[in-house]
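Report on one structure; see the data block that follows.
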Amino acid sequence: MKNILLINILFLFVYTSYSQSDTSIWSDLKTIKKDNYEVSAPKNWRELDMSAYHLQVYFEASGLAYPLSYNNSPFIVILCIEDLKINSLEDARESVQNGYSKNTDRVFPEDFKYESESVKLISGEDAYIVNTRFYRKSKGLNQSRFDLVAYSEKYKTSYMYTISIQYSDPSYEAEKTLGLKDFARKVYSYFKFI
């Protein structure tokens with residue numbers, strides 16, 4: 001309970017200091033170019049340097065992509081990209097799916113591990129959107145997670161573009177109510193190999 005109260009206070013501070021929900025977030029984008037890819041995202045999403053954690057791109061979008069709270073608790077939105085250094089799309093997808101259950105802090109719904117759908121990047125490559133959901137014991141929040149798993153034959157490497165959305169809703173109905181899967185598809189439509 002103390003953790004949830006602390007998170008509420010922290011995000012109230014962040015919200016009043018930095019954020020304003022905006023329904024037109026997709027009309028004003030910034031583009032980040034890396035060696036192998038580029039990604040565009042709303043300009044008002046906070047970009048942080050998390051390279052010490054091997055993350056190439058990191059956005060914090062709480063209160064910007066969605067309202068700051070849901071069910072009277074924080075609604076935390078984090079997006080990040082990392083190089084998986086795996087040289088096939090299928091191996092990368094398998095690594096992502098197998099990696100979900102390796103963290104013992106995660107408690108999965110009894111009848112659900114993950115879903116996967118095939119997509120095509122705007123640069124033409126095949127990719128997957130894999131999603132899962134779980135309860136984080138350490139945070140006291142439920143999490144819906146979406147991962148774009150993309151592989152470039154040209155660069156012989158794969159990337160995982162993660163969207164982590166944390167909130168309080170053990171039914172995970174927020175996924176449908178707030179259209180989280182559609183949100184993930186929209187975010188991923190701005191990722192391409194160059």
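What are the residues in the stretch 128-148 that are part of a strand (DSSP E or B) and touching a residue at least 60 places away in the same chain (Cβ under 8 Å), if any? Full working, then the answer.
To start, the set of residues in the stretch 128-148 that are part of a strand (DSSP E or B) comprises 128-136, 141-148.
Once the filter is applied, which keeps residues that are part of a strand (DSSP E or B) and touching a residue at least 60 places away in the same chain (Cβ under 8 Å), the stretch 128-148 yields only L141.
Taking L12, is it surrounded by 13 or more Cβ atoms within 10 Å (Cβ to Cβ), hydrophobic (A, V, I, L, M, F, W, C), at pLDDT 95 or above and farther than 14 Å from C80 by Cα? Before you say what the answer is, go through the steps one by one.
Details: surrounded by 13 or more Cβ atoms within 10 Å (Cβ to Cβ): yes; hydrophobic (A, V, I, L, M, F, W, C): yes; at pLDDT 95 or above: no; farther than 14 Å from C80 by Cα: yes.
No, not satisfied.
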Checklist entry - Quick one: how many residues across the stretch 41-57 are charged (D, E, K, R) and assigned to a loop (DSSP other than H, G, I, E, B)? => result 2
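Here's the yes/no breakdown for (1) under 24 Å from Y135 (Cα atoms); (2) modelled with pLDDT of 95 or more; (3) hydroxyl-bearing (S, T, Y):
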position: V39; (1), (2), (3): no, yes, no
position: G63; (1), (2), (3): yes, no, no
position: P74; (1), (2), (3): yes, no, no
position: N87; (1), (2), (3): no, no, no
position: D91; (1), (2), (3): no, yes, no
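Search the stretch 149-192 for residues being within 21 Å of F75 (Cβ to Cβ) and assigned to a strand (DSSP E or B), and hand back the single one that is nearest to the chain's Cα centre (by Cα). Talk me through it step by step, then tell me what you get.
Initial filter on the stretch 149-192 (within 21 Å of F75 (Cβ to Cβ)): 161-188.
Next, only the ones that are assigned to a strand (DSSP E or B) stay: 161-167.
On the way: Y161: 7, T162: 4, I163: 0, S164: 4, I165: 7, Q166: 10, Y167: 13 Å.
Applying the filter and picking the extreme gives I163.
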Item to check | Residue count for the stretch 157-178, restricted to those that are modelled with pLDDT under 95 and surrounded by fewer than 16 Cβ atoms within 10 Å (Cβ to Cβ) | outcome: 5
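Could you list, in sequence order, the residues of the stretch 102-118 that are touching a Ser or Thr at 6+ places or on another chain (Cβ under 9 Å) and not in a loop (DSSP other than H, G, I, E, B)?
Within the stretch 102-118, R106, E115 meet the criteria.
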Checklist entry - Which residue, of L148, L141, is under 20 Å from A41 (Cα atoms) and crowded, with 19+ Cβ neighbours inside 10 Å? => result L148
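The values are calculated or read from the model by the stated rules, or taken from the named source; none is laboratory data. Computed from a predicted structure; not experimentally measured. All Cβ positions, glycine included, derive from the backbone under ideal geometry; neighbour counts span all protein chains shown.
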